[in-house]
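The values are calculated or read from the model by the stated rules, or taken from the named source; none is laboratory data. Here the structure is a predicted model, which is why all the values come from computation and not from measurement. Cβ sites come from the backbone with ideal geometry, for glycine too, and all protein chains shown count toward neighbours. To get the accessible areas, we keep the full protein, side chains included, count just its heavy atoms, and leave off ligands, DNA and RNA. Shrake-Rupley method; radii C 1.70, N 1.55, O 1.52, S 1.80 Å.
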Amino acid sequence: MSTAIRLFKRIPLVAALTGGLLAPGQGIAQEAGLALEEVIVTARKRVESLQDVSQSVSAMTASEIDSSFARDIRDLEGMAPNLIIDRIGAGPGVSSISIRGVTHQDVEKSFDPAVGVVLDGIFLGTNTGQELQVFDLERIEVLRGPQGTLFGRNSIGGIINVSRTDPTGEWGAKLRGTYGDYERLDLEAVVNLPKAFDVLSTKLTFVQREQDEGFVRNVEFRDDVPQVDYKSYGINFMLTPTEALTVEYTYQREEDDSDTAATSNISQPGDLLCIALARCGRSDTEPELGRLVTDQNFSNFQTMELDAHTLEVNWELGDNLTLTYLYGNRDSDEQTDQDFDSTSEDFFSTRRIQDYEQDSHELRLAGNLTDDFHLTAGLYYWDSEYTLNQTTFFLAQFLAPVTPDTTILALANQETEAEAAFFEADWAFSETWTLTLGGRYTKEDKSLGLRNDFDFLGDGTVIIPSFNIFDDRTEDDWSEFTPKASLSWHATDDMMFYGIYSKGFRSGGMNGRAGGELSARLTYDPEFVEMYELGMKSSWMNNRLQFNMALFYQEYDDKQEEVVIPSPVVGQETVTLNAAEASMSGAEFELRTLLTQGWFVAINVGLLDAEYDDFEVDQDFDGVTEDLSFLELRRAPEYTASINSAYDWNIGAGTATIQGSYRYRDDQYTTFGNEPMGLSEAHGILDAAISYQYERWNFRLFGRNLTDEEETSAALVVGGLFSFQATRDPRTWGAQITYEFQ
């Protein structure tokens with residue numbers, strides 16, 4: 001059965017689901033003034049209504065975010081169809097984000113993320129820190145498909161666009177405390193100060209998250225892990241010396257001393273850990289060690305300190321044009337200790353010490369040149385650098401008679417520089433038709449220095465020098481043009497149809513974790529995603545109901561894949577090659593409605609058919625290729641769906657709200673080789689809360705994962721050596737108090 005037939009056979013099921021909500025709404029008498037809140041987005045780097053954007057965008061407003069009782073963006077996964085957010089746990093705030101089956105989950109900073117997270121216009125250059133905290137946010141937008149024009153850098157899967165609130169210039173505050181099981185305590189505050197000298201507005205923020213008792217019992221340390229210890233504080237100034245000029249500066253400091261994720265050993269009978277040390281996975285010889293019990297013997301210590309600066313200057317040039325300068329700097333120091341074998345044996349663990357800094361500059365002109373012609377154009381510059389100092393502790397049991405410790409000492413440094421020029425223009429050539437054309441030209445340069453040594457004595461003495469190209473660096477550069485074209489038709493004031501073509505690329509590079517000089521010298525080229533999409537956006541019943549849909553097809557060319565090759569030093573290692581072609585097709589449906597006064601419902605459904613079209617690789621470098629196109633793409637479930645509902649009613653002098661959400665995802669593999677132990681089976685997550693608003697106070701009780709689903713969130717199979725697995729958080733509950741005035 002063809003992809004198109006499979007997809008369109010499913011559409012009646014979606015129509016039945018949404019029709020069940022549409023029909024009752026049509027039979028309800030119209031209530032005066034009852035309408036959905038207009039959702040304003042900046043998905044195209046200008047302010048416009050969500051229903052006017054001719055591309056697939058989902059968004060949550062400040063009020064929806066606030067009522068979601070979310071802790072970080074993982075809790076908002078169900079806000080968009082075909083969106084997957086799974087915690088990786090091998091570094092601070094690291095998640096694997098997938099949109100329409102396009103994803104990347106490696107924590108190595110030499111690799112670029114495939115789905116971009118953008119905070120106040122600043123692209124976050126690594127997977128570390130993408131798990132943003134949800135507090136003091138104005139909105140969150142999910143842009144699906146390649147964003148190669150306005151956002152540019154490596155955004156082949158899509159963008160999660162996060163915007164914090166601006167200073168109000170008026171005295172006000174929001175204070176929140178949350179207590180939950182596992183000794184969870186969250187304290188959050190945002191304080192706005194009165195405007196000084198009629199030109200300077202100031203906002204202060206503070207977040208502290210503690211959890212002194214993890215949900216996994218470590219029987220080796222007799223402790224419960226992972227524990228949470230996170231702090232963030234910031235200050236935001238907005239200067240408005242004239243009506244035409246706005247200067248905004250934000251400083252944020254983050255300190256994260258939370259544990260890395262607790263993992264379980266799932267090594268199989270053919271793995272060395274199982275053969276030599278009789279430590280097979282829990283399904284075999286360790287039935288007592290399960291999802292909530294581990295015996296890891298390495299510390300799982302983690303610390304990260306981040307300083308972030310954002311400067312945005314907006315200068316209005318007359319009534320129609322705005323010149324914007326945007327600068328962002330993020331500087332972090334981190335250390336992560338991780339027990340990869342996930343057992344009490346001294347088999348394989350690492351200590352990773354990293355420094356990372358990124359700087360970006362954007363100069364952008366946007367506005368209406370005529371009544372029917374809007375232009376956004378600009379220049380962009382990016383510079384980043386990271387240094388990794390890694391010590392790998394391995395095979396101590398085998399070499400204990402000779403040496404008390406064996407290590408690999410690795411030192412890596414990578415520098416990246418990117419320059420781009422971009423534009424996007426809308427031409428409304430009639431009252432109902434608009435043509436959009438855009439493009440971005442990008443040039444990127446990367447260089448990588450590596451040193452790798454073996455220390456068999458455990459005293460810092462290098463017995464076998466592996467390789468050293470730290471000074472004689474590997475260098476490469478790439479230049480690409482990514483176009484965009486769309487055509488939209490406003491059939492009525494409340495209904496728009498559009499078609500769009502866009503292309504994005506993710507930069508080439510080199511592997512900062514290379515184990516030999518051959519792989520350290522090996523570079524890979526950019527990968528590309530081309531998207532074709534047809535969509536509709538509509539409003540009904542005087543905007544009491546909105547229904548949007550999209551059909552899409554994406555071609556994934558020169559796909560960067562992790563391929564295992566022989567290594568003369570460590571036996572085998574993983575390299576990245578442009579080894580595959582893939583395609584994704586699907587359909588997405590989104591519905592938002594006010595069924596009655598105080599009763600809000602949102603539903604989204606995503607259908608996805610993702611598959612390799614070609615994947616042949618010479619893994620042994622012996623001239624014989626192996627066909628791997630039978631594999632399924634990681635984190636690309638065929639179905640995703642969610643329903644969110646909230647109902648308000650007056651009780652006494654206040655308002656009570658009951659709300660719930662259920663998000664479903666189909667089977668998905670979390671490992672490249674589709675190993676059964678890396679399969680996350682189909683499951684649904686149920687969250688619910690009840691709250692009461694009285695004047696400036698809000699009291700809430702909530703529960704997450706109420707059905708206590710146990711599915712895999714991440715797994716790693718190190719071929720022939722060992723395997724481990726992490727699972728999602730169990731059922732949790734909490735109580736929350738918020739006090740707000742302004």
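Would you mind stating whether residue 286 is modelled with pLDDT under 85 and either more than 24 Å from residue 182 (Cβ to Cβ) or assigned to a loop (DSSP other than H, G, I, E, B) (or both)?
yes
Within region 304-325, identify whether any single residue is open to solvent by 40 Å² or more (accessible area, probe 1.4 Å) and farther than 30 Å from residue 200 by Cα, and answer yes or no.
The answer is no, given that none of the residues of region 304-325 is open to solvent by 40 Å² or more (accessible area, probe 1.4 Å) and farther than 30 Å from residue 200 by Cα.
Specify the residue that is most open to solvent (accessible area, probe 1.4 Å); the eligible residues are those in region 614-655 that are among the aliphatic types (A, V, I, L, M) and under 27 Å from residue 103 (Cβ atoms).
So the residue we want is 643.
Scan region 500-527 for residues that are surrounded by fewer than 23 Cβ atoms within 10 Å (Cβ to Cβ), of a type in the set (A, V, I, L, M) and either under 26 Å from the mean Cα position of the chain (by Cα) or closer than 24 Å to residue 581 by Cα (or both) and jot them down.
500, 522
Every residue, every condition in (1) modelled with pLDDT of 90 or more; (2) more than 23 Å from residue 113 (Cβ to Cβ); (3) assigned to a strand (DSSP E or B), yes or no:
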residue	(1), (2), (3)
528	yes, no, yes
539	yes, yes, yes
546	yes, yes, yes
562	no, no, yes
575	no, no, yes
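All but one of (1) in contact (Cβ under 8 Å) with a residue 24 or more places away in the chain; (2) not in a loop (DSSP other than H, G, I, E, B) hold for residue 261; state the number of the condition that does not hold.
Residue 261 satisfies every listed condition except (2).
So if I check each of 252, 208, which one is under 28 Å from the mean Cα position of the chain (by Cα), open to solvent by 20 Å² or more (accessible area, probe 1.4 Å), within 29 Å of residue 129 (Cα to Cα) and without any contact (Cβ under 8 Å) to a residue 40 or more places away in the chain?
208 is the lone residue from the list that is under 28 Å from the mean Cα position of the chain (by Cα), open to solvent by 20 Å² or more (accessible area, probe 1.4 Å), within 29 Å of residue 129 (Cα to Cα) and without any contact (Cβ under 8 Å) to a residue 40 or more places away in the chain.
Select, from 542, 604, the only residue that is open to solvent by 50 Å² or more (accessible area, probe 1.4 Å), among the polar types (S, T, N, Q) and out of contact with any Lys or Arg (no Cβ under 8 Å at 6 or more places or on another chain).
Exactly one residue qualifies, and that residue is 542.
Restricting attention to region 255-270, and to residues there that are in contact with a Gly (Cβ under 6 Å, 6 or more places away or on another chain) and over 28 Å from residue 206 (Cβ atoms), which single residue is surrounded by the fewest Cβ atoms within 10 Å (Cβ to Cβ)?
Ranking the qualifying residues of region 255-270, first place goes to 266.
Are there strands (runs of 3 or more DSSP E) fully within region 400-489 with at least 2 residues that are over 16 Å from residue 526 (Cα atoms), among the small types (Gly, Ala, Ser) and at pLDDT 95 or above? List them.
407-427, 433-455
Among (1) over 23 Å from the mean Cα position of the chain (by Cα); (2) buried (at least 20 other Cβ atoms within 10 Å of the Cβ); (3) not β-branched (Val, Ile, Thr), where does residue 550 come up short?
Of the numbered conditions (1) over 23 Å from the mean Cα position of the chain (by Cα); (2) buried (at least 20 other Cβ atoms within 10 Å of the Cβ); (3) not β-branched (Val, Ile, Thr), the odd one out for residue 550 is (1).
Quick one: is residue 202 open to solvent by 10 Å² or more (accessible area, probe 1.4 Å) and either farther than 30 Å from residue 481 by Cβ or in contact (Cβ under 8 Å) with a residue 24 or more places away in the chain (or both)?
The answer is yes for residue 202.
Would you mind stating whether residue 670 is over 27 Å from the mean Cα position of the chain (by Cα) and crowded, with 17+ Cβ neighbours inside 10 Å?
Against the criterion (over 27 Å from the mean Cα position of the chain (by Cα) and crowded, with 17+ Cβ neighbours inside 10 Å), residue 670 does not qualify.
For residue 141, work out the one condition from (1) open to solvent by 10 Å² or more (accessible area, probe 1.4 Å); (2) closer than 25 Å to residue 38 by Cβ; (3) of a type in the set (D, E, K, R) it doesn't fulfil.
Failing condition for residue 141: (1).
Filter region 79-123 for residues that are assigned to a loop (DSSP other than H, G, I, E, B) and either touching a Leu at 6+ places or on another chain (Cβ under 6 Å) or at pLDDT 95 or above (or both) and give the result.
80, 81, 82, 100, 101, 120, 121
Only one residue in 141, 183, 170 is under 15 Å from the mean Cα position of the chain (by Cα) and of a type in the set (D, E, K, R), so which one is that?
141 is the lone residue from the list that is under 15 Å from the mean Cα position of the chain (by Cα) and of a type in the set (D, E, K, R).
Could you check how many residues of region 687-740 are open to solvent by 40 Å² or more (accessible area, probe 1.4 Å) and among the hydroxyl-bearing types (Ser, Thr, Tyr)?
The number of residues fulfilling the criteria is 4.
So, in region 72-103, of the ones that are out of contact with any Phe, Trp or Tyr (no Cβ under 9 Å at 6 or more places or on another chain) and of a type in the set (D, E, K, R), which residue ends up surrounded by the most Cβ atoms within 10 Å (Cβ to Cβ)?
The selected residue is 86.
Evaluate region 327-344: report whether one residue or more is open to solvent by 10 Å² or more (accessible area, probe 1.4 Å) and part of a loop (DSSP other than H, G, I, E, B).
Yes, region 327-344 has at least one match.
If I ask for residues that are among the basic types (Lys, Arg) and part of a strand (DSSP E or B), which ones from region 678-727 would you list?
Residues satisfying the conditions are 700, 704.
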